[in-house]
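The structure under discussion appears below in the form of structure tokens.
Computed from the coordinates by the stated procedures, all read-outs in this text should not be read as laboratory data. Not measured: the values here are computed from a predicted model. Glycine gets a Cβ as well: all are built from the backbone with ideal geometry, and neighbour counts include every protein chain shown.
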Amino acid sequence: MKELRSPDNPRVRRWERMVRDSRARRAERRAIIEGVHLVEAYLEQGSRPLALLVSESGLKRREVALLAKRAAVEPVALSDSLFRRIADTETPTGIAAEIEIPAFEARLAESPCCVFLDEIQDSGNVGAIVRSAACFGVTDVVMGKGCADAWSPKALRAGMGGQFMLRIMEGQDLPAMLDRFGGKTVCAVAHGGRPVHELDLDGRLGWIFGSEGRGVSETLASKAAYRATIPMAAGAESLNVAAAAAICLYEARRRLSSGGAPS
């Protein structure tokens, strides 16, 4: 097992940049996943990390030692203080991995269900939407310019492994990608749309969710077949975009399971 103890080691400094700087992640198409759950979820997809990082105290934990064996990569041992330099959590579990960020060709015309994200800037919201998308049968997530990085530590934690189950495309021209999708599109709006439970959600479906402040741009909303609103109690202003996405995606999945009829 390799051991690294110097904070000036080039590999350690590179991993630090990868955790803190989205530009470094995009330039190298690499990311750091941290924690037992994320590493396990990554391995369960049949993927192999580029590097496996373990702390000295982490190696004493049974679940970390077992994951290190499963990874089929020689682990790099770091002192606890050095591991904390690349950890983004307050209480690191002692295991992390460097992974490749997958690149996908846009085959949206083949996608049965797609999510389009318009300038959603909070990493936690991006990750939570990715998690819901993976749970409810979405295959593709297309993110426009101005969205938060789907592979940041915060987004990865919120995604809970969803990033490993989907085709995620970042920095895209959303109007052009909607045209390429070619299926039925539904734009989620806070007010003025049809209740989501009344919509026809049969066939290939694309959901459009917009930024936390202004929502979906009118350019994109005008391209949608429907504008959908989630009915709320009197006096409630709006739902968090990640919560709204979860409700919409669940409704589409529920409809599919029950034969497609609105209820």
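If R0 is 35 Å, the Cβ-Cβ spacing of residue 110 and residue 57 corresponds to a FRET efficiency of close to 0.15. Which whole-percent values make up P(r) of the range 2-100 when all C-alpha to C-alpha distances are grouped in 5 Å steps starting at zero? For the range 2-100, the binned pair fractions read 2, 15, 27, 26, 20, 8, 1, 0 percent.
Full extension of the chain segment joining residue 66 with residue 100 gains 10.0 nm, where the gain is 0.36 nm per residue of separation less the Cα-Cα distance.
Give, as a single signed number, the net charge of other residues whose beta carbon lies under 10 Å from the beta carbon of residue 140, with Lys and Arg counted +1 and Asp and Glu -1.
Once all neighbours under 10 Å are counted, the net charge is +1.
Relative to the longest principal axis of the C-alpha atoms of the chain, give the angle of the C-alpha long axis of helix 123-135, reported between 0 and 90° and rounded to the nearest 10°. Approximately 70 degrees, to the nearest ten. Within the chain, the proportion of Cα pairs with more than 25 Å between them is 47 percent.
Compute the Cα gyration tensor for the range 203-263, then decide on rounded, prolate or oblate, letting a ≥ b ≥ c be the square roots of its eigenvalues: rounded whenever a/c is under 1.5, prolate when a/b is larger than b/c in the other cases, and oblate in all that remain. In terms of gyration-tensor shape, oblate.
Within a 10 angstrom radius of the beta carbon, how do 17, 107 rank from fewest other beta carbons to most? Least to most surrounded, the residues fall as 107, 17. Label sites at residue 180 and residue 84, each approximated as a point 7 angstrom past Cα along Cα to Cβ, lie 4.5 nm apart. As a length-normalised measure over Cα pairs under 8 Å and 6 or more apart, the relative contact order of the range 108-257 settles at 28 percent. Residue order for 164, 136, fewest other beta carbons within 10 angstrom first, comes to 136, 164.
Report, in degrees rounded to the nearest 10, the 0 to 90 angle that the Cα long axis of helix 10-20 makes with the longest principal axis of the chain. Computed tilt is about 20 degrees.
Taking every C-alpha pair closer than 8 Å and separated by at least 6 residues, the mean separation divided by the residue count of the chain gives a relative contact order of 18 percent. Principal-axis analysis of the Cα atoms of the chain puts helix 241-257 at an angle of about 70° to the longest axis.
Under 17 Å of direct C-alpha separation, and excluding same-chain neighbours fewer than eight residues apart, residue 223 reaches these lysines: 184.
Summarising the strand pairing of the chain, around 25 percent of its internal DSSP beta bridges are antiparallel. When the convex hull of its Cα atoms is viewed from all sides, the range 100-221 shows a mean projected area of 7.2 nm².
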